[in-house]
Amino acid sequence: MIEKYIELVYDDVSHRVGRVEKVSDWKPKKVDRVVYTSIFHYSSSILNYLELSKAKFNQNSPTVKEYDGDLFMPYLWIDIDFKDNLVKAVNMTRAIIESINFKYNLPYESMIIYFSGGKGFHIGIHNTVFGGEEFMTPHVKAIARNMVDDIIQGRFVVDYKIYDTTRIFRAPFSRHQS
């Protein structure tokens, strides 16, 4: 099994300092603070990149910024946001879930659906559903975008920015900043 790493950011996203841990060492738990984690997992090449990033960006702290190495996608995430209209976000989330269920015969129980804590919802589909259990490549973000395109087929509005290589999500069980 390939060792995987995640970035963890505590309290404030403006203080990202390249804190990376082995996935096997990090256990999400309820905490009374904001915690963010990368949506993609990194290969061990992230460790070398962190050291090189200090010189590349002329700073004392390492960063994952511009990392373009191998990535692993534990879940295919779909991010639905409607600023100021939570009812629309709920309805669109339901429609996307129905579409996934109908098109792929994927049971509702196999999807993770949760309120993002702000303006919408996240839908997660575990990688084993589509055979990506140990698949790592620098092209994961393009693959994720294509898979979501196939799911929504232009009928729904979703946030594609989450497929940036170094995008982070609020970690499960952590406190929302507001």
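The values are calculated or read from the model by the stated rules, or taken from the named source; none is laboratory data. Values in this document were obtained by computation on a predicted structure and should not be read as measured data. Cβ: placed from backbone, ideal geometry, glycine included. Neighbour counts: every protein chain shown. Please note that ligands, DNA and RNA were not included when accessible areas were found on the heavy atoms of the full protein model with its side chains. Shrake-Rupley method; radii C 1.70, N 1.55, O 1.52, S 1.80 Å.
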Cross-link table Lys29/Lys161; Lys141/Lys161; Lys65/Lys141; Lys30/Lys88, entries beyond 20 Å C-alpha to C-alpha: Lys29/Lys161; Lys30/Lys88
Share of carbon and sulfur in the accessible heavy-atom surface of the stretch 43-178 [1.4 Å probe, %]: 53 percent
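Starting from the Kirkwood Rh over alpha-carbon pairs, what translational D in µm² s⁻¹ does the stretch 3-44 have by Stokes-Einstein at 4 °C and 1.567 mPa s? Walk me through the intermediate numbers first.
Values: Rh = 10.8 Å.
It comes out at roughly 119 µm²/s.
Pick out, in residue order, every one of the trypsin sites (Lys or Arg not before Pro) in the stretch 108-178 that is DSSP loop and has at most 10 other C-beta atoms within 10 Å; say none if there are none. Spell out each step's value before the answer.
On the way: sites: Lys119, Lys141, Arg145, Arg155, Lys161, Arg167, Arg170, Arg175; in loops: Lys119, Arg155, Arg167, Arg175.
Taking the stretch 108-178 and a limit of 10 other Cβ atoms within 10 Å, the loop trypsin sites (Lys or Arg not before Pro) found are Arg155.
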Positive-end residue, the chain charge dipole about Cα centroid, Cβ charges, pick of Val35, Ile125, Tyr108: Val35
Under the Debye formula (equal points on every Cα, no solvent term), log10 I(q)/I(0) of the stretch 4-87 at q = 0.13, 0.25 Å⁻¹: -0.50, -1.29
Cut-off under 5 Å, modelled amide H: who pairs with Thr63 long-range: Ser53, Lys54
Mean Cβ count within 10 Å, highest first, over the residues of peptides 81-89, 102-110, 121-129: 121-129, 81-89, 102-110
Magnitude of the charge dipole, the chain, Cβ model with Lys/Arg +1 and Asp/Glu -1, debye to 20: 460 debye
